[in-house]
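> Before I ask anything, here is the structure I am working with.
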Amino acid sequence: MNNTMKLEIVSPSGVIYEGEATMVILPGKEGELGVLAGHSSLLALLQSGTIEISYQDGKKDLVAIDWGYAKINPQSISILVNGAVYIAGSDSSELKASITKAKDLLTSISSDKATLVSTMSKIDKIKY
């Protein structure tokens, strides 16, 4: 059985991420939702937070989102979001800039302080 799935994250400005992942953790409206290949099909409402993407080599990436929807199938996840920031960079200054953008996005829309603190904690653990 293939342990990867196709992941696509799209916002009104275009494709934010497209690739293969071994696990994806989504900020669901009712709490975090972990998805592995072979997951049952469902639609999920997403709240502000981070999407955590895990790869076969053990590395992880984060994408900060304001809100959206996820369509989950056994071998793919399609995520439509209103706004998103892929937290990445080829050097420390680019990474710092993307972290700042992600924090600004989340701070501007989140009214739930507990969720905001939890999300900021995940972002602050990123090393640059």
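The values are calculated or read from the model by the stated rules, or taken from the named source; none is laboratory data. Here the structure is a predicted model, which means the values were calculated and not measured. Glycine also receives a Cβ, built like all others from the backbone with ideal geometry; neighbour counts cover every protein chain displayed.
> Within segment 26-82, count every residue that is hydrophobic (A, V, I, L, M, F, W, C) and either in contact with a Lys or Arg (Cβ under 9 Å, 6 or more places away or on another chain) or farther than 14 Å from LEU7 by Cα (or both).
Counting residues in segment 26-82 that are hydrophobic (A, V, I, L, M, F, W, C) and either in contact with a Lys or Arg (Cβ under 9 Å, 6 or more places away or on another chain) or farther than 14 Å from LEU7 by Cα (or both) gives 14.
> Among residues belonging to segment 75-85 that are modelled with pLDDT of 90 or more and in a loop (DSSP other than H, G, I, E, B), point out the one that is surrounded by the fewest Cβ atoms within 10 Å (Cβ to Cβ).
Within segment 75-85, the match that is surrounded by the fewest Cβ atoms within 10 Å (Cβ to Cβ) is GLN75.
> Another one. Give me a count of the residues in segment 1-21 that are surrounded by fewer than 17 Cβ atoms within 10 Å (Cβ to Cβ) and of a type in the set (Ser, Thr, Tyr).
Here the count works out to 2.
> Quick one: in segment 31-89, which of the residues that are within 21 Å of THR100 (Cβ to Cβ) and of a type in the set (Phe, Trp, Tyr) is farthest from the chain's Cα centre (by Cα)? Let's see the steps before the verdict.
Step one: filter segment 31-89 for residues within 21 Å of THR100 (Cβ to Cβ), giving 48-53, 60-67, 81-89.
Of the ones still in play, those that are also of a type in the set (Phe, Trp, Tyr) are 67, 86.
Details: TRP67: 10, TYR86: 8 Å.
Among them, the one singled out is TRP67.
> Let me ask something additional. Considering only residues of segment 86-101 that are buried (at least 17 other Cβ atoms within 10 Å of the Cβ) and within 19 Å of GLY19 (Cβ to Cβ), which is modelled with the highest pLDDT?
Among residues in segment 86-101 that are buried (at least 17 other Cβ atoms within 10 Å of the Cβ) and within 19 Å of GLY19 (Cβ to Cβ), the one modelled with the highest pLDDT is TYR86.
> Is it true that GLU30 is surrounded by fewer than 18 Cβ atoms within 10 Å (Cβ to Cβ) and among the charged types (D, E, K, R)?
yes
> Moving to a separate point now. Name the residues in segment 30-48 that are in contact (Cβ under 8 Å) with a residue 40 or more places away in the chain and either acidic (Asp, Glu) or assigned to a strand (DSSP E or B) (or both), would you?
Listed by number, the list holds a single entry, VAL35.
> Scan ILE9, ILE72, ILE51 and give me the residue that is without any contact (Cβ under 8 Å) to a residue 40 or more places away in the chain and part of a strand (DSSP E or B). Reasoning before the result, please.
Values: ILE9 fails: without any contact (Cβ under 8 Å) to a residue 40 or more places away in the chain; ILE51 fails: without any contact (Cβ under 8 Å) to a residue 40 or more places away in the chain.
None of the other options fit; the residue is ILE72.
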